[in-house]
1. Residue by residue through segment 240-256, note down the ones that are open to solvent by 70 Å² or more (accessible area, probe 1.4 Å), part of a helix (DSSP H, G or I) and either closer than 24 Å to V44 by Cβ or among the basic types (K, R) (or both).
2. Answer yes or no: is there a residue in segment 301-319 that is open to solvent by 40 Å² or more (accessible area, probe 1.4 Å), touching a residue at least 40 places away in the same chain (Cβ under 8 Å) and among the charged types (D, E, K, R).
3. Note down all Cβ pairs under 9 Å where the first residue falls in segment 289-300 and is touching a residue at least 12 places away in the same chain (Cβ under 8 Å), the second is of a type in the set (S, T, N, Q), and they're at least six residues apart or on different chains.
4. Could you tell me which numbered condition A201 fails, if it satisfies all but one of (1) open to solvent by 10 Å² or more (accessible area, probe 1.4 Å); (2) in contact (Cβ under 8 Å) with a residue 24 or more places away in the chain; (3) more than 19 Å from the chain's Cα centre (by Cα)?
5. Restricting attention to segment 257-271, which residues are under 12 Å from V312 (Cβ atoms) and either open to solvent by 10 Å² or more (accessible area, probe 1.4 Å) or outside any helix (DSSP H, G or I) (or both)?
6. Being charged (D, E, K, R), in contact with a Phe, Trp or Tyr (Cβ under 6 Å, 6 or more places away or on another chain), open to solvent by 20 Å² or more (accessible area, probe 1.4 Å) and at pLDDT below 85 narrows it down to one residue among R57, R107, R121, R78; which is it?
7. Determine which member of the set T142, T151 is modelled with pLDDT of 85 or more and in a loop (DSSP other than H, G, I, E, B).
8. Of the conditions (1) farther than 17 Å from T27 by Cβ; (2) in a helix (DSSP H, G or I); (3) under 27 Å from the mean Cα position of the chain (by Cα); (4) touching a residue at least 60 places away in the same chain (Cβ under 8 Å), A134 fails just one. Which one is it?
Amino acid sequence: MRDWIIKLTAIDDDAASALRVIEHFDTLVDERVSATALLRAVTVLADCGAGFDDADRGLPIEVDEHGRAFSTPEMSARPHFEQFGGVTVWLNRQGPPWPLDHLILERFARSLHAVKRPRDRHPAIAAIRTVCDADAEPAQRTAALSTLGLTGPVTIAATLPSDSRLTPLGMTADGVRIHLLSNRPALAGVPADVAAGYTVANGLQVCTRWRRAVSALKIAVDPTTAGPAHVCHDDLGAVADLLDNIDASTAAGSLDVQVLETLRLERQWVTGLLDSILSHSSLREAARRQNLHHSTLQQRLDWLQSRLGYTVLSPSGYPRASTALLLWRIARAADNMRTPVAEHLPHQPPFGG
């Protein structure tokens with residue numbers, strides 16, 4: 001299907017977008033993700049809240065555009081809803097529907113039916129689930145680790161479902177893919193151009209530590225290119241606490257972040273320069289990292305500070321610039337998460353705002 005999407009993009013962008021939606025849901029069904037994971041995938045595709053009501057599952061479930069759950073939603077109040085095979089699904093979109101809303105809802109409902117049916121599970125994925133399951137007995141998790149051929153420390157990696165064809169086998173949880181790898185200097189099998197968050201843990205600690213990799217994925221952005229990066233949770237320290245308490249919408253709504261993104265669109269080097277300056281003890285070291293002459297870096301910094309309205313390396317400017325760059329990475333990573341499946345959907349605003 002990927003070849004057809006590439007061909008259709010040049011001929012009919014709307015048709016290519018429709019195939020992307022279908023492929024995305026087919027991938028999630030193949031991985032036997034939960035109904036909640038399907039629901040959160042809908043919010044990413046449609047860029048709005050969504051919900052479903054299936055009598056076999058009990059109470060209706062609804063989440064907002066950030067994946068936060070509501071309780072006992074009133075279905076009659078939802079402006080865009082559809083019914084397929086006894087399942088009611090809806091989008092919490094204000095205003096008229098987008099062109100692909102009906103397709104998203106239909107594939108969502110069909111996928112809900114599909115994941116209810118018993119299906120064969122890949123033994124490696126089943127083993128990963130067992131290792132990550134805190135309710136499993138230690139002996140079960142030990143046996144699962146043996147099945148995966150993992151001994152000693154384990155690298156837990158989180159990647160985007162849209163990169164599943166480029167990454168090792170993994171299970172889907174919390175809307176991302178979780179991989180368990182041998183502890184090596186680099187993330188074996190995860191390409192450098194794929195966003196990844198990771199952490200290292202002893203085998204039996206994986207069940208309580210895998211969400212750390214998910215947190216690190218929230219800022220898996222290279223400030224220099226705004227593209228994918230590998231981020232180790234173990235290096236984040238207190239930054240990890242911020243990641244667990246600040247969502248992408250809040251980050252994108254920061255005025256400092258909006259200014260930073262505007263400047264980056266004007267000068268692509270802005271965030272990379274800022275990252276280098278904040279990460280090194282001197283401007284000369286930052287210039288070497290940027291492959292710039294010291295005077296050129298100083299000129300760029302002067303220009304940047306004139307636009308930001310504060311001095312980056314001053315006592316008050318340093319924490320402000322550091323926080324702005326962190327929030328920008330949160331917002332940008334969330335935007336990149338949407339891009340592979342939603343880059344051609346209509347009315348997609350920057351930063352998902």
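The values are calculated or read from the model by the stated rules, or taken from the named source; none is laboratory data. Note that this is a predicted model, so its numbers are computed, not measured. Note that we place each Cβ from the backbone using ideal geometry, even for glycine, and neighbour counts take in every protein chain shown. For the accessible areas, the whole protein counts, side chains as well, though only heavy atoms, and no ligand, DNA or RNA atoms are used. Shrake-Rupley method; radii C 1.70, N 1.55, O 1.52, S 1.80 Å.
1. L242, T250
2. Among the residues of segment 301-319, at least one is open to solvent by 40 Å² or more (accessible area, probe 1.4 Å), touching a residue at least 40 places away in the same chain (Cβ under 8 Å) and among the charged types (D, E, K, R), which makes the answer yes.
3. Listed by first residue and then by second, the contacts come to R289/S276; R289/S279; Q290/T224; Q290/S276; Q290/T296; L297/S276; L297/Q290; R300/Q290.
4. The failed condition is (1).
5. none
6. After applying the criteria, what remains is R78.
7. T151
8. (2)
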